[in-house]
Each structure stands twice: as C-alpha cells, then as structure tokens.
Amino acid sequence: MLLGASSLLYGVAFGGDLLSSILYIIGVTGRNIKLRSGGSAANLWTKWGYTIAIIAVASQFIGLLLRWTAGGHAPVSSMFEYMSFWSFTIMLAFVLINAFYRSPRLGAFACPVGLTILAYAMVFPQEAQPLIPALQSYWLNIHVTTAALGEGVLTIGFAAALMYLLNTTDTSVKNRSTRFLELVIFLFLTLFAYVVTALVFKVQHYAIDVSDPLSQNPASQMTYHLPPLAGPTGSVVGSLGSLLGIPLPLFPIPGWMQGAQAALKFNTLVWTFLSSIVLYGILRLINGGKSLVTSVSSWVQGLDADELDELSYRAIAIGYPIFALGALVFAMIWAQEAWGSYWSWDPKETWALITFLYYTLYLHLRLSRGWEGPKSAWLAVIGFVVILFLLVGVNLVIVGLHSYAVPPGM
Amino acid sequence: MQQQVVERSLSIPERLWLFFVSVKTAIVLIALIAGSSILGSLIPQEGAIPSQQPAQFYPAAYGTYGKIMYALGLTHMYTSTWFIALLLAISVNLIVCSWERLVPLYKSLQKQPTVVQAFLLKHRGLYTSFSADNPSADTAHIREQIISSLGKRRYRIKQEGQAFFAEKGRIARFGPYIIHIGLLLIVAGCLTRLIPGFYYTGDILVDEGQTVQVPHSDFSIRNDQAHEEDYTDGRPKFYQTQATVIYKGQQVLHKPITVNHPLKYHGMILFQSAMLPVQFQGMDLSIVDQQANNAKVGSLHMDFNDPQQVYHVGAYQLTVLNYFPDFQFVQNNQPSSKSSTPYNPALIFKIEGPGITSDIKEWFVPSAPFLQAELAKSQRFNFQPDQVNLAQTTGFRVQKDFGIPIVYGGCAIVVLGLVITFYIQHRTLWGNLSEGVLHLGGQTNKNWYGFQQELQRVLASNQLNQKFIRNKGGTA
C-alpha cells in the first residue's frame with residue numbers, strides 16, 4: 001500500500017521534473033513570444049515551471065517519507081533509492097536557491113539535471129529490499145541524506161557555472177572553450193541517451209541470458225537487459241537471434257577484455273555511445289547543423305555574468321560544509337561503529353575525500369589566488385564529474401566495502 | 001648597508017618557512033594528495049589481492065607496470081613513505097600558514113578605523129549617500145536612524161564625531177584557521193597510534209562455548225551463543241553473539257554484540273565482524289553390527305578438531321585411514337578436503353576385530369545422513385550419532401584506539417569552522433557625515449548580494465529608498 005503510493009508519488013515527481021524542464025527550456029528559448037496582454041510569455045512559462053518544480057519536490061518528499069515508513073529506514077540504500085534521493089536534493093536545492101536569488105533561467109539547467117538523475121535512478125531495480133546487518137543503523141539515515149544534500153547543492157554550483165561559461169563564451173568563434181562546452185553538452189546527452197535507451201528496454205522487460213562459451217562455470221552466465229550487440233569472447237555472430245534485422249551478437253568482444261562481466265559492461269558502453277551519437281545527430285540536425293552550444297548559450301544571454309559567477313560560488317560555499325559533514329564526518333563515525341575503524345581507505349570513502357579535496361582546491365584557488373570567472377567556473381563544472389564518479393563510477397568501476405551498492409547485472 | 005640585507009642569500013630555515021607559508025604550496029600538496037588517493041583507489045591495494053606475496057603477485061598480474069607499481073609503493077599507497085610525507089608536509093603547511101596569517105589578521109581587525117574619509121567610502125564595495133540638497137533629508141537624523149537599525153541587527157557600533165563604524169560577524173574571518181586547527185587535531189589523533197599502547201587492532205575467532213583471551217587486554221571473552229538469520233533470498237539479515245566478559249575469573253558483563261553495536265570494555269572495542277558457518281565440534285556415536293541384527297558393538301567420542309588415530313570399540317579396533325575435515329569430491333571422484341575446518345567431516349576407517357578376516361574399510365560422513373544411509377547398505381557396521389556438538393564461530397574485530405576522541409574533537413572543530421567560515425559573513429559599514437552629506441560605505445568578505453539586501457532593508461525600515469551601488473572589487 002505505502003510502497004504503491006510512494007511509487008506513484010515518485011512517478012508524479014518524475015512527470016513534474018520533466019514538465020518543469022520543458023517549461024523552463026521553452027521559457028528561456030521563446031523569450032521573443034509575446035502574450036496578447038503585452039507581457040513576455042517567458043515569464044509565464046518559467047513561473048509555471050517553478051510551480052511545477054515545487055510540486056515535484058513536495059511529491060517526491062512525501063513519496064520518500066512513505067517509503068521510509070514502509071521500509072523502516074531512509075530510502076537511500078540501493079542505487080535506485082540513492083540516485084532518486086540525489087535528484088530530490090538537486091531539485092530541492094534549486095527550489096530554495098531560486099526562492100532566494102530569483103534566477104528563473106537556472107531552472108532550464110538545474111531541472112534537466114534533476115530529471116536525468118531521477119530517470120537514471122529508474123533504470124535500476126526499484127524493489128525496496130530489507131537491509132543487510134552492516135546497514136542497520138540510524139547512521140544510514142543521517143550520513144547518506146546529509147551527504148546527498150551537500151551533493152545536491154554542489155550540483156547547483158555546477159549548473160550556475162555552466163550558465164556562466166555559456167554566457168561569457170563567444171560561441172560564434174571556434175576555440176578551445178566552445179569545443180569543451182560542446183563536449184560538456186555532449187556528455188550530458190550521453191547520460192540522457194543511456195537513460196532513455198535503458199528505460200525503453202526496461203519497460204519491455206527485456207532480458208536475455210547469455211552464457212560464456214569459454215567457461216563451463218554456470219556462474220559466468222550473464223543477463224543482458226539491453227540487446228547484446230557485444231557478445232562474450234568466442235560467441236558466434238547471430239547466435240542470439242536478431243534485433244530489427246541486426247544479428248545478435250553483432251560481434252564478440254576481443255579476448256583481452258577480461259574481468260567480471262566484461263562483455264555486459266562493454267555492451268552497455270556500445271549502446272550508450274551509439275544512442276548518444278544518434279541523439280546528438282538529431283539535435284544537431286534540428287539546430288541546422290550548427291554546434292549545440294550556439295543555441296544553448298542563447299538561453300543565458302542578457303544575464304549578469306558576475307551574478308552567475310557569484311551564484312555558482314555561493315552554491316559551492318553552502319554545499320561544501322554540508323558535504324564535509326555528511327560524507328566525511330558522519331561517515332567516519334558510522335564506519336567506526338560498524339567496521340571498527342573510522343577510516344579504512346575504502347574506495348567510496350577515499351573518493352568522498354577526493355571530492356572534498358577537489359572543492360577545497362576550488363575554494364583556495366578562488367579565495368586565495370583570485371581564480372574567479374572562467375577558471376573557477378570550469379573547476380565547478382569538472383566538480384560535477386567528480387561527484388558523478390563518486391556516486392556512480394566507484395560503484396561500477398571499483399569494488400569496496402560499500403560494494404553492496406553494486407546492483408545485480410551491472 | 002640596506003643593500004646588503006636585501007642581497008643576503010636566505011638561510012635554509014628561512015627558505016623552508018617561505019616554502020611552507022605559501023598558499024601555492026598548500027594547493028600543490030592538496031592536489032598531490034588527491035592525485036595519489038585516486039591512484040590508490042584504482043590500483044588494487046595489497047590487502048585486497050588474492051595473494052599473500054605482493055612481490056610476486058603484481059609483476060605476474062600486470063607485468064612491468066606491476067613491478068614499477070610495487071617498487072614505488074603504489075600498491076600500499078596509504079602507508080607508503082611518500083604519502084605519509086605528503087600528509088606531514090600539509091600539516092606543517094597548515095601550522096606555518098595559519099601562524100603567519102592569524103596574528104596580522106587579528107591585529108588589523110583590532111585596528112579598523114572608525115573614521116573613514118568620504119572619498120574613500122565611495123570606493124567601498126557598497127556605497128550610497130544622502131545629501132542635504134534634498135530638503136526632506138535631515139542627514140543627521142538619518143544617521144541616527146541607520147545606527148539604531150543596525151544596532152537592532154546586532155551590529156557593534158563605534159562612533160567618533162560625525163563618523164560611525166558598524167561591524168558584525170568578525171569571527172567569520174577566523175573560520176578558516178578554526179578549520180585548520182581541527183584538521184591538525186585529526187592528524188594528531190591519527191598519530192597517537194604511534195604511541196605504544198595507544199592503538200591495537202586485530203581479529204579473533206571464538207567458537208560457541210569457547211573463552212578466548214582478548215589480545216592486548218586484561219580480560220577474556222566467551223561466546224555464549226552465536227545467532228544468524230538470513231532473508232528468504234539468502235542475504236544476511238542479522239548477526240548476533242551473546243558474549244560474556246570475564247575479568248580476573250569473574251563474569252563481569254553479559255552483552256549481545258551485533259553489527260553496529262560493539263561491546264566496549266576497559267578501552268577495548270569488540271565488533272561483530274564475521275560469522276563462520278556451523279562446524280562439527282564433537283560427537284558421541286554408537287557402532288552397530290548390521291550382520292548381528294544391529295547389535296551395539298560399543299560407542300566412542302570423536303573430536304573433529306583432533307581425531308584419534310585409533311579408536312577401540314568393544315572388541316573391535318577402528319583405525320582412521322584418512323580424515324577429510326571439509327569433504328568434497330573433486331575430479332575423477334577423488335575425495336579431498338576444501339579446508340581444514342570440520343564443516344563437512346568425512347572419515348575412512350579400517351576395522352579389525354574378531355571374525356574379520358579380510359580388511360574392512362568403511363566411510364563415515366556424519367553431515368550427510370542420506371549418504372550415510374546409502375553407504376550403510378553395503379557396509380557391515382553402521383554409525384549412529386547419539387549426540388552432536390555443533391558450533392558456530394564468531395569473528396570479532398578487536399580494537400583499541402585512544403586517538404578516537406581527539407579525531408572526533410578535531411572533526412567537531414572542523415565542522416564548527418566550516419559553519420563559521422561559510423555561513424557567517426563579516427559585514428562592515430562605515431558612515432561619515434561631512435559637509436551635510438552622509439556617506440555610507442559597506443564591505444563584506446562574501447555574499448555581497450545578501451549584504452546589499454540587508455542594507456537595503458535597513459534603509460527601507462526607515463522609509464528610505466536610496467539604492468546602494470555595488471563597486472566591483474571594493475577595497476576594505
């Protein structure tokens with residue numbers, strides 16, 4: 001009952017994030033549309049975008065309270081729960097910061113990020129699983145929620161920094177700066193394309209068991225949730241059927257790719273790469289062949305660059321202490337209680353430290369060495385990549401004490 | 001004379017001081033520590049490899065790179081000499097940097113002037129003025145109003161003649177140094193491990209019913225009962241060990257130890273860290289002769305951790321030909337043992353005695369009663385368990401760390417420092433009424449937007465709607 005209602009509210013939040021993203025993007029792209037009353041349509045769109053964003057945040061908040069009640073612990077213990085909670089903190093941070101700074105165009109960047117992270121969460125299994133002994137502690141609630149809140153606020157710092165760069169870079173000139181900005185947009189589209197592809201096949205409950213032809217061990221069998229374009233080493237082309245006339249697998253992975261489920265991981269990469277190329281190509285065609293950065297940068301024209309710079313820095317200055325408290329101090333106390341050592345250089349805690357050190361560098365460079373403007377903004381943009389690696393990369397690439405967070409089949 | 005002083009080459013301590021006092025050095029050191037940590041998280045560390053011989057493992061697994069990694073200490077990154085050296089260097093940097101800046105900062109904040117000339121106020125980060133040209137403006141009255149409003153907003157106000165100086169949140173300027181002191185305390189807390197007797201960590205295994213002396217302590221721990229529950233999908237749900245602390249022969253404490261709820265006694269902390277599968281401890285068994293209408297031949301006690309070579313049962317003699325504590329069949333149906341722990345014991349007896357002419361070899365597999373029943377069909381003697389002692393074994397992490405309170409104290413100070421640094425703003429406003437014009441110049445260390453809002457509110461509360469102008473990069 002509670003879980004059903006909770007899923008419904010998460011769904012409402014997803015719809016809300018989507019709708020507010022669309023409203024904000026139309027709001028900032030269609031600023032020339034005039035209303036009959038004479039006012040700018042843009043204000044109306046972004047006003048509604050903000051209202052919907054608030055509804056999405058409220059809905060997800062109630063949804064996660066219900067899931068908390070049903071499960072008896074904060075819903076932050078699986079990849080689905082954690083990623084959706086992070087999305088919640090991003091949207092919450094946006095709603096609060098916008099209330100204070102009144103920067104509606106921030107929504108055109110923050111909401112799509114929140115939406116994509118929530119959609120990414122939905123790729124993972126959504127069952128509420130009871131906790132293993134190590135996680136049965138009230139520190140789970142305190143540590144993970146505080147850390148996620150810090151990460152949410154830092155993400156707003158990233159969005160504002162990106163806006164600053166788009167605002168200050170002359171995108172009609174091709175130089176290193178515009179190429180890197182185009183790359184940032186492409187990488188965001190990559191994440192977006194992966195999420196869409198994975199969700200398309202998830203909705204169809206796509207699953208295919210593939211066994212490793214070179215291994216007798218039944219444990220080497222893998223379950224693909226995306227059609228196996230890349231099969232295990234030694235598999236025969238076309239042996240797994242076909243998709244729209246393409247034989248599956250299209251090719252076996254080369255023998256030097258080893259490691260647990262290498263074929264599965266590589267297949268996911270191939271799909272992500274292909275779908276992001278397709279998505280990017282389509283958007284570029286719509287854009288008349290011009291690089292996307294030329295259009296996206298027009299969303300932020302007319303904004304005060306210094307204010308964006310200040311906004312990005314403020315968000316990082318607010319998020320940094322929360323992150324330090326949640327991801328390091330609370331983590332240390334819990335680690336001491338659960339593992340008998342407040343610090344054991346487990347990959348997750350090492351990366352939390354790396355993230356902290358990274359933003360420490362940002363602050364020292366900005367406050368002591370006068371790195372304001374573009375340099376500082378680029379650091380804030382890269383900071384988002386560091387956080388992404390901390391939250392996703394570590395789980396998928398490195399295995400540690402936190403490895404319970406590795407979802408099956410990834 | 002002066003020329004000489006300038007040209008004198010710097011002594012080594014002076015050079016070191018200059019090196020460590022620089023923020024640039026701090027930035028490089030932080031970057032190096034972060035970079036090494038990234039490497040350490042990507043390269044499998046020595047504790048996490050499936051081998052006890054890292055010197056052989058790394059070259060075998062990664063070739064030349066493996067050799068280099070091992071030689072440079074990248075395979076035990078966080079205990080490598082140069083990583084420790086980096087941590088020590090950043091600590092020295094924190095001390096020197098803070099010392100060099102803290103005192104001048106304190107002095108300059110003490111010496112802030114109350115009277116600032118009007119032409120200087122115009123260059124403050126926020127500036128506005130009220131002039132007497134406007135007939136409705138009684139600038140002296142406005143000055144009083146603003147001072148009173150600032151006072152209500154907890155500004156400390158100093159006045160001198162027609163000038164005033166309002167200030168709040170001065171402590172924010174000291175925030176970074178509070179953070180640095182906290183960080184140094186954390187480092188000091190970690191370093192206490194080097195003091196003999198301050199730190200110990202180890203693991204002990206305690207079978208149910210067993211009492212084990214806790215290493216580096218004056219007490220023993222008895223495992224009264226170990227309890228494990230799993231979820232239906234096989235994931236662990238609950239681990240608990242009922243433990244008794246025995247000190248000087250007295251039972252002084254009974255306590256359940258679960259994950260996340262360790263036992264603390266005499267400075268030692270015992271954590272529930274592992275639960276080993278159930279193993280066979282001992283067994284009383286009867287031997288019956290199936291050819292003599294299941295007549296009982298006799299009984300014996302077997303200790304699976306230390307079986308005898310020969311058992312005498314009634315008139316018969318049982319010789320243990322082979323013992324597999326953790327029995328399994330491998331290729332070609334060859335029996336072997338997976339481990340040396342009696343999880344799944346199996347024995348082969350040679351039985352000799354009255355009426356036995358040719359050797360009898362019989363299997364005894366107590367953990368597999370169905371297999372035993374099957375075997376009994378072709379075996380003359382049968383083994384019937386009378387009493388079985390099974391035991392679960394708890395793995396305890398034993399830890400003593402007197403540095404923990406220092407580390408936690410350091411953490412608390414760091415968090416306090418972060419809050420002071422980032423959530424409190426040092427805001428200053430100077431006012432000077434000269435030649436009938438009231439000049440107001442404000443300065444803050446961050447969040448100009450918030451400061452401007454506050455000043456605008458101060459004016460608004462006195463029905464003034466003058467706007468403050470923001471001078472980018474205003475001077476203090």
Residue pairs meeting the criteria (Cβ under 8 Å; at least 6 apart or on separate chains; first closer than 22 Å to B:Gln399 by Cα, in the range A:339-362; second among the acidic types (Asp, Glu) and part of a helix (DSSP H, G or I)): A:Trp343/A:Glu349
Residue within the range B:278-295 that is within 30 Å of A:Ser137 (Cβ to Cβ) and in contact (Cβ under 8 Å) with a residue 60 or more places away in the chain present: yes
Check on A:Ala338, facing chain B (nearest Cβ under 8 Å), open to solvent by less than 20 Å² (accessible area, probe 1.4 Å), of a type outside the set (Ser, Thr, Tyr) and in a helix (DSSP H, G or I): yes
Residues satisfying the stated conditions in the range B:247-275, i.e. part of a strand (DSSP E or B), touching a strand residue (DSSP E or B) at 6+ places or on another chain (Cβ under 6 Å) and without any contact (Cβ under 8 Å) to a residue 60 or more places away in the chain: B:Tyr247, B:Gln251, B:Val252, B:Leu253, B:His254, B:Lys255, B:Pro256, B:Thr258, B:Leu263, B:Tyr265
Qualifying residue in the range B:186-201 (condition: touching a residue at least 60 places away in the same chain (Cβ under 8 Å) and in contact with an Asp or Glu (Cβ under 6 Å, 6 or more places away or on another chain)): yes
Any hit, the range A:309-318, residues being within 8 Å of chain B (Cβ to nearest Cβ), surrounded by 21 or more Cβ atoms within 10 Å (Cβ to Cβ) and within 30 Å of B:Gly403 (Cβ to Cβ): no
Condition met for B:Ala373 (under 29 Å from B:His227 (Cβ atoms) and without any contact (Cβ under 8 Å) to a residue 24 or more places away in the chain): no
Which listed residue, of B:Ile257, B:Ile246, B:Ile195, is of a type in the set (A, V, I, L, M) and under 12 Å from B:Phe396 (Cα atoms): B:Ile257
Members of the range A:96-123 found to be hydroxyl-bearing (Ser, Thr, Tyr) and either within 9 Å of the chain's Cα centre (by Cα) or outside any helix (DSSP H, G or I) (or both), listed by number: A:Ser103, A:Thr116, A:Tyr120
Residues within the range B:414-437 that are small (Gly, Ala, Ser) and open to solvent by less than 10 Å² (accessible area, probe 1.4 Å), tallied: 2
Pair list, Cβ < 7 Å and 6+ apart or interchain, from the range B:10-37 residues that are facing chain A (nearest Cβ under 10 Å) to residues that are open to solvent by 20 Å² or more (accessible area, probe 1.4 Å) and not in a helix (DSSP H, G or I): B:Val23/A:Arg369
Members of the range B:71-87 that are among the hydroxyl-bearing types (Ser, Thr, Tyr), open to solvent by 60 Å² or more (accessible area, probe 1.4 Å) and within 13 Å of another protein chain (Cβ to nearest Cβ): B:Thr79
Residue within the range B:204-226 that is open to solvent by 40 Å² or more (accessible area, probe 1.4 Å), in contact (Cβ under 8 Å) with a residue 60 or more places away in the chain and under 28 Å from the mean Cα position of the chain (by Cα) present: yes
Qualifying residue in the range A:368-376 (condition: within 12 Å of chain B (Cβ to nearest Cβ), in a helix (DSSP H, G or I) and surrounded by fewer than 18 Cβ atoms within 10 Å (Cβ to Cβ)): yes
Selection from the range B:277-324 of residues that are part of a helix (DSSP H, G or I) and either open to solvent by less than 20 Å² (accessible area, probe 1.4 Å) or small (Gly, Ala, Ser) (or both): B:Ala292
Close pairs from the range B:414-429: first more than 11 Å from A:Ile322 (Cα to Cα) and more than 10 Å from every other protein chain (Cβ to nearest Cβ), partner in a helix (DSSP H, G or I) and open to solvent by less than 10 Å² (accessible area, probe 1.4 Å), Cβ under 6 Å, at least 6 apart: B:Ile424/B:Ala172; B:Gln425/B:Ala172; B:His426/B:Ala172; B:Arg427/B:Phe451
Residue list for the range A:319-335, restricted to those being within 7 Å of another protein chain (Cβ to nearest Cβ) and within 21 Å of the chain's Cα centre (by Cα): A:Tyr320, A:Ala324
Identity of the residue in the range B:391-413, touching an Asp or Glu at 6+ places or on another chain (Cβ under 9 Å) and within 10 Å of chain A (Cβ to nearest Cβ), that ends up surrounded by the most Cβ atoms within 10 Å (Cβ to Cβ): B:Phe396
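Let's see how each residue does on (1) open to solvent by 30 Å² or more (accessible area, probe 1.4 Å); (2) more than 13 Å from every other protein chain (Cβ to nearest Cβ):
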position: A:Phe100; (1), (2): yes, no
position: A:Phe109; (1), (2): no, yes
position: A:Glu127; (1), (2): yes, no
position: A:Pro133; (1), (2): no, no
position: A:Ser137; (1), (2): no, no
position: A:Val144; (1), (2): no, yes
position: A:Ala148; (1), (2): no, yes
position: A:Phe158; (1), (2): no, yes
position: A:Arg176; (1), (2): yes, yes
So A:Ser211, is it more than 22 Å from A:Ser291 (Cβ to Cβ), in contact with an Asp or Glu (Cβ under 8 Å, 6 or more places away or on another chain) and either more than 14 Å from chain B (Cβ to nearest Cβ) or touching a residue at least 40 places away in the same chain (Cβ under 8 Å) (or both): no
Helices (runs of 4 or more DSSP H) contained in the range B:57-174 and holding at least 2 residues touching a residue at least 24 places away in the same chain (Cβ under 8 Å) and within 36 Å of the chain's Cα centre (by Cα): B:81-110
A:Tyr224, sole failed condition from (1) touching a Pro at 6+ places or on another chain (Cβ under 9 Å); (2) surrounded by 20 or more Cβ atoms within 10 Å (Cβ to Cβ): (1)
Some residue of the range A:242-261 being open to solvent by less than 40 Å² (accessible area, probe 1.4 Å) and small (Gly, Ala, Ser): no
The range B:143-162 - residue that is touching a helix residue (DSSP H, G or I) at 6+ places or on another chain (Cβ under 9 Å) and among the aliphatic types (A, V, I, L, M) and, of those, surrounded by the fewest Cβ atoms within 10 Å (Cβ to Cβ): B:Ile157
Residues that are more than 7 Å from chain B (Cβ to nearest Cβ) and of a type outside the set (Ser, Thr, Tyr), drawn from the range A:341-367: A:Trp343, A:Asp346, A:Lys348, A:Glu349, A:Ala352, A:Phe356, A:Leu363, A:Arg366, A:Leu367
The range B:230-253, subset open to solvent by 70 Å² or more (accessible area, probe 1.4 Å) and within 14 Å of chain A (Cβ to nearest Cβ), residue nearest to A:Leu131 (Cα to Cα): B:Lys237
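The values are calculated or read from the model by the stated rules, or taken from the named source; none is laboratory data. What you are looking at is a predicted structure, and each value in this text was computed from that prediction instead of being measured. Virtual Cβ from ideal backbone geometry, glycine too; neighbours counted across all protein chains shown. When the accessible area is computed, the model is the full protein with side chains, heavy atoms only, and any ligands, DNA or RNA have been set aside. Shrake-Rupley method; radii C 1.70, N 1.55, O 1.52, S 1.80 Å.
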